[in-house]
Amino acid sequence: MKNNYILASKSPRRRELLKLLGIDFTINASNICEDLKEGLTNEEIVMDLAFQKAEDILKNSIGSIVLGFDTLVILDGIPLGKPKDRSDAFIMIKSLSGRKHRVLTGCAILGEDIKDIFYDYADVYFNEMSVDEINEYLDTDEPYDKAGAYGIQGYGAKYIKKIEGDYYSVMGVPLQKLYNKLRDL
């Protein structure tokens, strides 16, 4: 895996996960306006946004392989974005409490002669949370920069009953699928 990789994200979690793959990469975060195309499924949305981010960086990075990602938390078929404020985060966490939801992460691998776009997912089951537990979690400041208002790898872990699927997709990188694709490049 001796290529010139660029991570098109400023996410510290994605940076940590890519390091687990043992690849050298630089970071050049895409700042695209996320253009959601009409009529796409949630799976198609995460793949399309990952593609848009990687394509944005590839334009000025000839000779590199750009890795773009996008993650959505889906509850009852509806995507939950990042909370706008504490009140919004409270509503999101309350809606997830005691329920199952799906987390999708799309990935785009783009280079001069490379275009591979895919996704992976996990179903996440939350414990029932009291109002006090939700407020305690919101006090950690962890929920505010994350889709669905929680981080499975941080303080939010204690509220997760179980997951089915790819754990690392919940963190923002479909790690196993990505590794398998990169080792073949």
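No value in this document is a laboratory result; all are computed from the given coordinates. Remember, it's a predicted structure, so these values are computed and weren't measured experimentally. So basically every Cβ, Gly included, is an ideal-geometry build from the backbone, and we count neighbours across all protein chains shown.
General remarks:
- Listed cross-link partners Lys94/Lys181; Lys19/Lys94; Lys19/Lys162; Lys115/Lys161; Lys84/Lys181 are compared with a 28 Å cut-off, the Cα-Cα value being larger for Lys94/Lys181; Lys19/Lys94; Lys115/Lys161; Lys84/Lys181.
- Angle of helix 86-96 to the longest C-alpha principal axis of the chain, folded into 0 to 90 degrees and rounded to 10: 90°.
- Other-chain or far-sequence residues with amide H under 5 Å of Gly81's (modelled H): Gly148
- The long axis of helix 42-58 is offset from the longest Cα principal axis of the chain by roughly 40 degrees.
- DSSP beta bridges confined to the range 5-183 are antiparallel in about 85 percent of cases.
- Cβ-derived FRET efficiency at R0 35 Å, Tyr144 paired with Asp184, nearest 0.05: 0.40
- Percent of Cα pairs exceeding the 24 Å cut-off, where the set is the range 83-185: 31 percent
- Order by protection proxy (mean Cβ within 10 Å, highest first), peptides 35-48, 116-129, 9-22, 143-156: 143-156, 116-129, 9-22, 35-48
- Relative to the Cα centre, the charge distribution of the chain, modelled as +1 at Lys and Arg Cβ and -1 at Asp and Glu Cβ, gives a dipole magnitude of about 420 debye.
- Gyration tensor analysis over the Cα atoms of the range 1-123 returns equivalent ellipsoid semi-axes of 28, 16, 13 Å (largest first, whole Å).
- Mean residue ellipticity, 222 nm, helices only, the chain: the sum of -39500 (n - 2.57) across DSSP H runs of n ≥ 4, divided by residue count and rounded to 500, is -9500 deg cm²/dmol.
- Residues Cys33 and Tyr167, FRET efficiency given R0 of 41 Å [Cβ-Cβ distance, rounded to 0.05]: 0.85
- Hz values of 3J(HN,Hα) by residue in the range 127-133 - Karplus curve (6.51, -1.76, 1.60), Gly and Pro given as x: 5, 5, 10, 7, 4, 5, 5
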